[in-house]
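Asker: First the structure, then my questions, so here it is.
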């Protein structure tokens, strides 16, 4: 009888599962590029409770620039790493702001791969401010479906612009197209759709996604980023029924009282 009571108590005690967390914060800065070379300074901090392993930082730069990735074995907890990337101009280009995305690859203690993207820019000779802005709507995905990722663009200028859009997403996600071009008129708002789905994203995670928005006026280059969040949720077929613990508790009580009465006899 005592063994049965102990067994029932153990069933009713919530099971606690502690999962390791890797939380990376990336800080990026760069100088104005006045000649054919500049540096991008990157500082990365892991504020989680588990070290990140096999870390590689790759600056994704436009085709007129070049640079090389940097890697290191481990990023310990609360111990920031800093590194500089030498960026070279590889072909003639006009002055202005150009998009740079820092892609960070890493793995957890079990070797499971993760990645993240962070926005920055290269200023070549002259700093410019884009009059075309954008925002990406938040999307919730399961591991079984795809959804439309909506990019809303607004042109605050009095003239139209031919813009180029390029999507930057973590490796765990998949998108139908990563580049599009369009013309947006003066004071106009437009929407673009991208089909996005999970490739290997973890349930409960949130991923930053980016869209670079570029245009030129013949003299200067303009660039900005639209940002959005993609959340990964549990699919409906895997949802834990809210009523199951209640039913289980009632059944256990019935079993307990049944055996308790039998024990008295």
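Asker: Over segment 20-127, what lengths in whole Å, largest first, do the semi-axes of the equivalent ellipsoid take, defined as the square roots of 5 times the eigenvalues of the alpha-carbon gyration tensor? Can you show the working numbers first?
Answerer: Details: eigenvalues 174, 30, 21 Å².
Gyration-tensor ellipsoid for segment 20-127: 30, 12, 10 Å.
Asker: How would you classify segment 118-194 from its alpha-carbon gyration tensor, with a ≥ b ≥ c the square roots of the eigenvalues: rounded for a/c under 1.5, else prolate if a/b is greater than b/c, otherwise oblate? The partial results should precede the final answer.
Answerer: Numbers: a/c = 2.58, a/b = 1.56, b/c = 1.65.
It comes out oblate by the Cα gyration axes.
Every number in this text was worked out from the coordinates using simple rules, so none of it is lab data. These figures come from a predicted structure and were not determined experimentally.
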